[in-house]
Amino acid sequence: MTTVGTLLRGWREQRRISQLELALRADSSARHISFIETGRSRPSQPMVLRLAEQLEVPVRDRNALLVAAGYAPAYPETPLHDPAMDPLRTGLERLLTAYEPYPALVMNGTYDVMAANRGIAALVAVVADHLLRPPMNAMRLTLHPEGLAPHILNLGEWRAHLLERMERQIALRASGHLRALYEEVAAYSVPAPEPDEAAEAGPGTALPFALPMRIAHGGQLLSFISTATTFNTPMDVTVSELAVETFLPADPATAKALQQDLARNPRPSGLGGIAS
């Protein structure tokens, strides 16, 4: 059986923090931290939570620490379809709608798409049907050879960015599901863009402040900068793992193309509202 001390030591070593440094951060002593890690002392519930906070342990794993120490989980995990989540769902759906015509979506901690707006629906119209079946996954949609990958003109750069992002998350979270997803998408073959499309993505198109995703769409070259937003001080496991991914047009031509596309096709999203 894994003890709370073993788990805490694992998180501390992963964060590359000494017992003394952790003790100073948590207003404790290196001796007490050592006793906890070796099982000679059982930490109180507040101490477990304080150490977890200083080690930046994800909310889901804080519950695991508490259970290992003999306490009840402190953070609920409420399904998104629960009535208690109505204000959250409504707020997220309004946010996605307000962001149109620019693409935006909501993902959980393993990149499953929980909701998306019409901007995303337009982009994924070229994706194979099997990738659009629930649960859709943003990494599969982007990197699968039958997904957006053949249409992304700077796929090498964008793929490297996404894989590095997943690696950072894996380093921060003990998630076997996330690790399996990483190994799956990293093994996908990498389709080469058409020669004329590759020429369009040549020198001089990079932005000096952020890596854009350049994608061929409807005979046009669209360029996006992505941002990811998470909740501040979440008190629920589900909420702690949600992220809103938005795609800003990186140039005036992209902004104009998206406005025109929405005006021509005022369709409801094929992806729709918050999933359960």
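The values are calculated or read from the model by the stated rules, or taken from the named source; none is laboratory data. Nothing here was measured: the structure is a model prediction, and the numbers come from that model. Don't worry about glycine lacking a Cβ; one is built from the backbone with ideal geometry, like all the others, and counts go over all protein chains shown.
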Looking at (1) over 30 Å from residue 222 (Cα atoms); (2) assigned to a loop (DSSP other than H, G, I, E, B), find the lone condition where residue 102 falls short. (1)
Pick from region 1-16, criterion surrounded by 18 or more Cβ atoms within 10 Å (Cβ to Cβ) and of a type in the set (A, V, I, L, M), ranking: farthest from residue 175 (Cα to Cα): 4
Residue under question is residue 171, and the condition is that it be in a helix (DSSP H, G or I) and either farther than 23 Å from residue 216 by Cβ or modelled with pLDDT under 95 (or both); does it hold? yes
Exception for residue 21 within (1) in a helix (DSSP H, G or I); (2) under 19 Å from residue 61 (Cα atoms) falls at (2)
Report the residue count in region 219-269 for those that are among the aliphatic types (A, V, I, L, M) and part of a strand (DSSP E or B). 7
Residues in region 32-50: is at least one under 23 Å from the mean Cα position of the chain (by Cα), in contact (Cβ under 8 Å) with a residue 12 or more places away in the chain and in a loop (DSSP other than H, G, I, E, B)? no
